[in-house]
1. If I ask for residues that are hydroxyl-bearing (Ser, Thr, Tyr) and closer than 20 Å to Ile146 by Cβ, which ones from the stretch 89-125 would you list?
2. Under 14 Å from Gly179 (Cα atoms), of a type outside the set (Phe, Trp, Tyr) and under 17 Å from the mean Cα position of the chain (by Cα), is that true of Gly144?
3. Taking Ile120, is it farther than 20 Å from Phe396 by Cα, assigned to a helix (DSSP H, G or I) and in contact (Cβ under 8 Å) with a residue 40 or more places away in the chain?
4. Is there a residue in the stretch 169-185 that is within 24 Å of Ile56 (Cβ to Cβ) and modelled with pLDDT under 90?
5. The conditions are (1) among the small types (Gly, Ala, Ser); (2) in contact (Cβ under 8 Å) with a residue 40 or more places away in the chain; (3) closer than 30 Å to Lys33 by Cα, and Ala213 fails exactly one of them. Which is it?
6. For the stretch 266-274, state whether one or more residues are charged (D, E, K, R), within 21 Å of the chain's Cα centre (by Cα), over 27 Å from Met415 (Cβ atoms) and at pLDDT 85 or above.
7. Pick out the one residue from Phe20, Phe78, Phe5 that is over 28 Å from Thr291 (Cα atoms) and of a type in the set (A, V, I, L, M, F, W, C).
8. Pick out the one residue from Gly70, Gly38, Gly4 that is of a type outside the set (Phe, Trp, Tyr) and on the phi > 0 side of the Ramachandran plot.
Amino acid sequence: MGYGFIAFVVSMLIGIPIGFSLGVGAVAALLVKGYNIGVIAVRMFTGIDSFPIMAIPFFVLAGELMNATGITKRLVEFSDVLVGHLKGGLAHVNIVASMFFAGITGSAVADTSAIGSMLIPAMVEQGFDVDFSAAVTASSSVIGPIIPPSIPFVVYALITGTSVGALFLAGAVPGILLGIGLMVPAYIISVRKNYPSNPRASLKEVWNAFVKALVPLMMPIIILGGILSGVFTATEASSVAVVYSLVIGFLVYRNLKLKDLPPIFVNTAKTTATVFLVMAAANAFNWLMATEQVPQYLAKLLTSGVTSKAAILFIINLVLLFLGCFMEGTAAMIITVPTLVAIAKAVGINLVHLGAIVVLNLMIGLITPPLGLCLFIACSISKLSLEELSRAIVPFLIAEIVVLFLVTYIEPISMFLPRLLGFVR
């Protein structure tokens, strides 16, 4: 397995995409062990041969459809009447809009693209520094996959057999806490640099903005309500989300046309294919690790001489934060979670709590250089270099890491809602 891991690392270092790098590593390990190379195809297929995994393309499609209906503007307007009057108004609007957006698309990349394209130019026009504007946008987009619905939580559930509903609930409070945490450095920097704020909205303006945003805001309520009440599964909920998006686009807002559907389907297919390729290749790689008992070995290695649960959690966070800097979240999850589950069971960490920790860690990786995807998108919108944005994002990154450790060591933050609603004992 050592040769496979070396081949995987070398492939990544020379710029081969993560999905293909995992495949190269798996093939190398098979050749060294003398196994039939056809096993790769079998394991790749079984890695995505699952009914629950169909939730991923449907959630992606629902997000694409909702974006096409122009919901971003409505969510931004509603956020503005709520927090725009605070010092550095548009910065807080950016963060709160990302929290609302998270409940609809569950995608950090979609959040960065949609909200960034609208608010980064608007913030610069109001007098905000462009690096600050881009940093707020990129850092708040991390909330997208944490507040439900969340594709990373679906992937984690597939790997561990944990309830999707329990994981969605476990992400709700940490996601809100993350948004509040980001507003702290945004406010401090805004006061120090004397960034502008917007006039306080009247109750009538708040109500009017709420009414305009109500239709898209109903989507997470329908999804979560249906899953938690047992009316439908997470996979069925994703298809309901697609139908709801189509109804909004064609019948409510009437700004979605038949000619808009082909590019939406193409974008959905591209995103889904990327995720599925990574999952399939990672499953083959992970199967080889399992046959060589690598997870058990690593679990024993990490826990040897460490008896404290708090110390184990600290080590898990360090490992995941490091991996998040270099690896795509889905691949990192599939490779590391079997080992982490073995460790969690050994020291008594609840798997739902572990899921919240894993997802939060790997989503923070989206804004950490050198390979943070949301950083690159924000750089593209703002025309900044990676170095310029990386410096500006440090205060927000620190805030997110503080929230991460709060979620790690104060278990009720993530576990209160799952326990309250009977998903976890």
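The values are calculated or read from the model by the stated rules, or taken from the named source; none is laboratory data. None of the values given here were measured: they were computed from a predicted structure. All Cβ positions, even for glycine, are placed from backbone atoms using ideal geometry, and neighbour counts span all protein chains on display.
1. Listed by number, the residues that qualify are Ser98, Thr105, Ser107, Thr112, Ser113.
2. Judged against the criteria, Gly144 is a match.
3. no
4. Looking for residues that are within 24 Å of Ile56 (Cβ to Cβ) and modelled with pLDDT under 90, one finds none in the stretch 169-185, hence no.
5. Tallying (1) among the small types (Gly, Ala, Ser); (2) in contact (Cβ under 8 Å) with a residue 40 or more places away in the chain; (3) closer than 30 Å to Lys33 by Cα, Ala213 fails exactly one: (3).
6. So far as the stretch 266-274 goes, yes, one or more of its residues are charged (D, E, K, R), within 21 Å of the chain's Cα centre (by Cα), over 27 Å from Met415 (Cβ atoms) and at pLDDT 85 or above.
7. Just a single option satisfies the conditions, and that option is Phe78.
8. Gly70
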